[in-house]
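Encoded as structure tokens, the structure appears first; notes follow it.
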Amino acid sequence: MDQHHFFDAPERDPIDRVDGRAKVTGGATYSAEYKIQNTAYGFLVGSTVAKGRIKAIDTKSAERAPGVLAVITHLNAPKIPGYQTGKDPSKPQTGGQPLRVFYNDEIFYYDQPIALVIADTYERVLHAAKLVKAQFEKAAHQTDMEANLAKAKIPTGPRFEDYKRGELDAYKNAPVKLEQQYNHPVEVHNPMELGSIIARWEGADKVTVYTKTQGVGSTQNSIRDAFGLKAENVTVHAEHIGGAFGMALRTWPYEIAAIMGAQKIGRPLKLMLHREQMFTNVGYRPETVQKIGLGATADGKLTAITHEATANTSPYEEFTEATVNISRFLYACSNVTTRYRLVPLNVCTPIWMRGPGEATGCFALESAMDELAFALNLDPIEFRIRNHADTDPERNLPWSSKFLKECYELGSDRIGWKDRKLQPRARQEGDWLVGYGMGTGSFGAFRGSATVKAILQRDNKLVLQCSVNDMGPGTATMMTTIASEQMGMPPKQIAVQMGSTGLPPGPTQGGSMVTSTVGAAVHDVCAALKEQLAALASKEGSPFHTANVHEVKVDDLVFSETGLSLKRDGSVKISYADLLQRNSLPALELTKESRGQNQPYSSYSYSVHFVKLRVHPPTGRIKIDHIVSCADAGTIVSPKTAESQMIGGAVGGVGMALMEAVVMDHRFGRPINNNLADYHVPVNADIPKVDVLFVNKKDPYTNPMGSKGLGEIAIIGVAPAVANAVFNATGKRIRSLPITPDKVMEA
Amino acid sequence: MPHKKPAPNPNEEGGPAQGRRDFLKQSSLLAAIAAMPPLLVKAADAQLDEKAAAYFEKLPLSVEVNGVTHRLSIEPRTTLLDLLREQLALTGTKKGCDHGQCGACTVHVDGQRVLSCLSLAVMQEGKKVTTIEGLANGENLHPMQEAFIKHDGFQCGYCTPGQIMSGIACIREGHAGSDDEIREYMSGNICRCGAYPNIVKAIADVKKGGQRI
Ligand code: FES
Ligand code: FES
């Protein structure tokens, strides 16, 4: 088998999720579930005002309540070294000062932690937390984005300056033009697992935490900085993550508070947020107000794009994302202007949510493209193909690979696009209007650096170690698949150890780059392992070492589940056990660091999402009948988990399109739907058949597997596909998400 | 576990699992129990010495969990979910909301699906509780567990125990007749990873297999 082309093998048996058994038996351990002796329970009390100062805080009755071990407030909080030196207790997103929990009496947002109550049981801590009474000196808060748009300003740093290619705002003078505003509310990640942590001090300067994080390494650094510890004295475990979607990309104040609390009581402390606190204290997808200006010639050639976005941030940090950037490269267009602004509001800092800014930016751009195609009397796919970017118009580079046209073709076939009429309201079935819509998505195909250790044991087991963890996409399954192909070993002989700082460093789960980054490192370490095995097999005394042949190369050998043999004569072979024993090795261990190189190419993944839906005009109800999601994500390494990841993105996109929105009561600056009954997410009955189609063509440059990322493009483009289908069904263009029945009825 | 009696129509009960109405019923019952030790009431009413009250706080409970009988002394305010997770170290049952809104905490009580976050532990006296840890028969997985692996009915796995417990009940209740019916009767279990289509496939597959579950 030629190792460089093994992924081009036409049909591979997709392997089951390797941690599937643990997950279906309750054996997978999430952060609040580690069994640690003598653990106490913590609960955070939040501010009831959205801005101001704590005038007084009475903790006496809480302290006297049964089982209470401590109550920490800004009045008695231990000094956190990181706060004093100005070092960041948890890394800032772009600029500003991260929230220093219990630092002083200042309140920036509703439900900001003002006290940590600690007791010996969960029931007792909940009760005691209710006894903490605070008085506030209220100040005028701002939580209404629309009312504060005048305060919008450019974020600090060169990356966010206005972008101009060609002529400024050229759409204004185009023969055919469109100018529209698109709105998107705050969405909350709401992974099913609540934010949770167990912190245990092992001594005065040594701490272990089990916490919900997408990157054990970055959490280790944050804790190191906050508490002034040595990195090696901070151990972070996070093997299984019950979903995160970006929410666990930074270390939040609740984690710092729990570590502080554990130190204070000298006992392990467990803190699990309540669902309400997931809405107020651990980030969210920021609200955006976007403007799109498009210009085209009468025959459907795009001449200009202007994309402006204003998003909210917190009063103390500048959170930024690439909301407008997709407009710079998605279509061939010589005049592009983008502007990005922030408005600080009295809420906690946002954090990237799946697809992040690209997903919201794409809702605006791809809705506008649909509107302009309609104005030009063109099929929206045809319009996009006419403006296909054959090279990267932003960076003037060739693409490393791009199979976007194939996605259009595959998906339109599957959804039955030929049945779609250009004119809306053209298909009726009973009381329902039927519509089709599509949206394109794209996200950079990045690769970072990762170190993987491989241990080949005498019992034919291959152990792979990396600190990377898995919030759901199937990292261990992907790693197992690559090693299995490389080593000719069945997956059951391969064990992955991950999610802990004690292991060789891997990347944070985010930005759709884990397969590219860690997968490449697995590939490389397996290649090196085979080199080593070949070298051992070449030694004198080995059956491969004969009078004529003194050296065998990897290419001369076949690697299998039990050992190696000669390609041209299968009878010359040795088992791994024998080979290791002969060399007095208990196991063969190899560690390899692997990183992406700068290439003279632009690398992006692409997706095209198709939606067929029905709208019931009398009630405004929308029922999605069918979703087809196609992806050009290079080689698909782990087909089964990749398909699930795409389905998950489509479901997330349906939430974004049809239901998800935090509703604020601006009088009090607090959310009124901070629970899963009132904040709607898609449930089973909302989701129809979802077909996932992969182009599955290798990218020659991204990494040895030829894969590109999948996590973000799974959602980017779904929301506009839904909005465009609603237009096709009803003739109503809804530019403000989510598309709830009231909007359908009144539009 | 054999199907004991047909479950009530979830629509009548306000949700596929034990809903808020049941919780209210339980709460009033609990109030009746709590009213029994007068000392406790007095202490609570007067907000007197809570530490003294704490001494009388616990009630005896005998409950069978996954075939093992536990004789416990627990606080009446402890939920079945917290009893399982925090006191019996059965963390396979998940907490996603604590308000009966997500289904992550679904277990079987006497063979029926129940939201353990809305069930007070003391109400389970003499009942048989089955959690995700009690489904497999030694090394042999329950057919629903097998089906979830086969169809990849999950990603992060956090909602999965609840989905599996609910999926089994969905078939037992006779609500797995079609994909649409499964979708409807599984809508009390949120999966934020969005594994719904594969969850439906897994349940339909087990239903088709016709095994006794
Ligand atoms: S934890 Fe019980 S329904 Fe959510
Ligand atoms: S598998 Fe993650 S929430 Fe369902």
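The values are calculated or read from the model by the stated rules, or taken from the named source; none is laboratory data. These numbers come from a predicted model, not from an experiment. All Cβ positions, even for glycine, are placed from backbone atoms using ideal geometry, and neighbour counts span all protein chains on display.
Results for (1) in contact with a strand residue (DSSP E or B) (Cβ under 9 Å, 6 or more places away or on another chain); (2) within 30 Å of residue A:211 (Cα to Cα); (3) not assigned by TED's automatic domain parsing to the domain that holds residue A:297, shown as yes or no for each residue.
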site	(1), (2), (3)
A:153	yes, no, yes
A:158	no, no, yes
A:170	yes, no, yes
A:174	yes, no, yes
A:187	yes, yes, yes
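Of all residues in the range A:711-730, one or more are within 13 Å of another protein chain (Cβ to nearest Cβ), crowded, with 22+ Cβ neighbours inside 10 Å, assigned to a loop (DSSP other than H, G, I, E, B) and among the hydrophobic types (A, V, I, L, M, F, W, C).
Across the range B:124-141, the qualifying residues are those that are polar (S, T, N, Q) and either assigned to a loop (DSSP other than H, G, I, E, B) or free of Cβ contacts under 8 Å to residues at least 12 places away in the same chain (or both), and the one among them that is nearest to residue B:90 (Cα to Cα) is B:131. Does residue B:155 meet the test of being buried (at least 20 other Cβ atoms within 10 Å of the Cβ), more than 7 Å from chain A (Cβ to nearest Cβ) and not aromatic (Phe, Trp, Tyr)? Considered against the rule, which asks whether it is buried (at least 20 other Cβ atoms within 10 Å of the Cβ), more than 7 Å from chain A (Cβ to nearest Cβ) and not aromatic (Phe, Trp, Tyr), residue B:155 comes out as no.
Report whether or not residue A:680 is surrounded by fewer than 19 Cβ atoms within 10 Å (Cβ to Cβ) and away from every other protein chain (no Cβ under 14 Å). No: the conditions fail for residue A:680. Just give me the residues in the range B:147-173 being away from ligand 1 (no atom under 16 Å from the Cβ) and without any contact (Cβ under 8 Å) to a residue 12 or more places away in the chain, in sequence order. Result: B:149, single match.
In the range A:630-650, the qualifying residues are those that are more than 18 Å from the chain's Cα centre (by Cα) and part of a helix (DSSP H, G or I), and the one that is farthest from the other protein chains (Cβ to nearest Cβ) is A:639. Here is a check on your reading of the model: is residue A:169 at positive phi, away from chain B (no Cβ under 14 Å), surrounded by fewer than 20 Cβ atoms within 10 Å (Cβ to Cβ) and of a type in the set (D, E, K, R)? For residue A:169, the condition - at positive phi, away from chain B (no Cβ under 14 Å), surrounded by fewer than 20 Cβ atoms within 10 Å (Cβ to Cβ) and of a type in the set (D, E, K, R) - is met.
Rundown of residues vs (1) over 18 Å from residue A:583 (Cβ atoms); (2) touching a Gly at 6+ places or on another chain (Cβ under 9 Å); (3) modelled with pLDDT of 95 or more, yes/no style:
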{"position": "A:468", "(1), (2), (3)": "yes, yes, yes"}
{"position": "A:504", "(1), (2), (3)": "yes, no, yes"}
{"position": "A:526", "(1), (2), (3)": "yes, no, yes"}
{"position": "A:535", "(1), (2), (3)": "no, no, yes"}
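Kindly check whether there is at least one residue in the range A:95-110 that is part of a strand (DSSP E or B) and either of a type in the set (Asp, Glu) or over 30 Å from residue A:340 (Cβ atoms) (or both). Yes, the range A:95-110 contains at least one residue that is part of a strand (DSSP E or B) and either of a type in the set (Asp, Glu) or over 30 Å from residue A:340 (Cβ atoms) (or both). Residues that are under 21 Å from the mean Cα position of the chain (by Cα) and under 18 Å from residue A:145 (Cβ atoms) within the range A:651-678 comprise A:656, A:660, A:661, A:662, listed in sequence order. If the condition is being within 24 Å of residue A:122 (Cβ to Cβ), touching a residue at least 60 places away in the same chain (Cβ under 8 Å) and out of contact with any Pro (no Cβ under 6 Å at 6 or more places or on another chain), then the range A:199-218 contributes A:199, A:201, A:210, A:211, A:212, A:213.
Can you tell which of B:138, B:188, B:134, B:153 is among the small types (Gly, Ala, Ser), under 30 Å from residue A:499 (Cα atoms) and within 16 Å of ligand 2 (Cβ to nearest atom)? From the options B:138, B:188, B:134, B:153, the qualifying one is B:153.
Matching residues to (1) part of a loop (DSSP other than H, G, I, E, B); (2) surrounded by 20 or more Cβ atoms within 10 Å (Cβ to Cβ); (3) among the charged types (D, E, K, R); (4) within 16 Å of ligand 2 (Cβ to nearest atom):
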site	(1), (2), (3), (4)
B:72	no, no, no, no
B:83	no, yes, no, no
B:86	no, yes, yes, no
B:97	yes, yes, no, yes
B:101	yes, yes, no, yes
B:104	yes, yes, no, yes
B:122	no, yes, no, no
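Going residue by residue through the range A:386-401, is there one that turns out to be under 13 Å from residue A:606 (Cα atoms), part of a helix (DSSP H, G or I) and among the aliphatic types (A, V, I, L, M)? Scanning the range A:386-401, I find no residue that is under 13 Å from residue A:606 (Cα atoms), part of a helix (DSSP H, G or I) and among the aliphatic types (A, V, I, L, M), so the answer is no. Cβ-Cβ contacts under 9 Å between residues 6 or more apart (or on different chains), taken from a first residue in the range A:482-503 that is outside the structural domain of residue A:463 (by TED's automatic domain parsing) to a second residue that is modelled with pLDDT under 95, are absent. Which residues, taken from the range A:242-298, are within 16 Å of ligand 1 (Cβ to nearest atom), under 25 Å from residue A:359 (Cα atoms) and of a type in the set (A, V, I, L, M)? Of everything in the range A:242-298, just one residue is within 16 Å of ligand 1 (Cβ to nearest atom), under 25 Å from residue A:359 (Cα atoms) and of a type in the set (A, V, I, L, M), namely A:278.
Yes/no per residue for (1) away from ligand 2 (no atom under 16 Å from the Cβ); (2) crowded, with 24+ Cβ neighbours inside 10 Å:
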{"residue": "A:422", "(1), (2)": "yes, no"}
{"residue": "A:435", "(1), (2)": "yes, yes"}
{"residue": "A:468", "(1), (2)": "yes, yes"}
{"residue": "A:471", "(1), (2)": "no, yes"}
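In this structure, is residue B:194 touching a Ser or Thr at 6+ places or on another chain (Cβ under 9 Å), within 12 Å of chain A (Cβ to nearest Cβ) and farther than 29 Å from residue B:64 by Cα? When the stated conditions are applied, residue B:194 passes them. Total residues in the range B:98-133 satisfying the condition of being more than 15 Å from ligand 1 (Cβ to nearest atom) and closer than 22 Å to residue A:193 by Cβ: the figure is 1. For the range B:178-187, taking the residues that are more than 7 Å from chain A (Cβ to nearest Cβ) and in contact with a helix residue (DSSP H, G or I) (Cβ under 7 Å, 6 or more places away or on another chain), the one that is surrounded by the most Cβ atoms within 10 Å (Cβ to Cβ) is identified as B:185.
Here the range A:193-215 is the region considered, the condition is being within 14 Å of chain B (Cβ to nearest Cβ) and among the β-branched types (Val, Ile, Thr), and the residue that is nearest to ligand 1 (Cβ to nearest atom) is A:198.
State whether one or more residues within the range A:185-192 are touching a residue at least 24 places away in the same chain (Cβ under 8 Å), within 30 Å of residue B:98 (Cα to Cα), under 29 Å from the mean Cα position of the chain (by Cα) and away from every other protein chain (no Cβ under 14 Å). The answer is yes; a qualifying residue exists. Of everything in the range A:38-64 that is in a helix (DSSP H, G or I) and within 12 Å of another protein chain (Cβ to nearest Cβ), the residue that is surrounded by the most Cβ atoms within 10 Å (Cβ to Cβ) is A:62.
For the range A:374-419, filtered to residues that are crowded, with 20+ Cβ neighbours inside 10 Å and charged (D, E, K, R), the residue that is nearest to residue A:442 (Cα to Cα) is A:402.
Here A:677, A:721, A:729, A:747 are screened, and the one residue that is modelled with pLDDT under 95 and of a type in the set (Gly, Ala, Ser) is A:747. With respect to the conditions (1) in contact with a helix residue (DSSP H, G or I) (Cβ under 9 Å, 6 or more places away or on another chain); (2) away from ligand 2 (no atom under 16 Å from the Cβ), residue A:28 falls short on a single one, namely (2).
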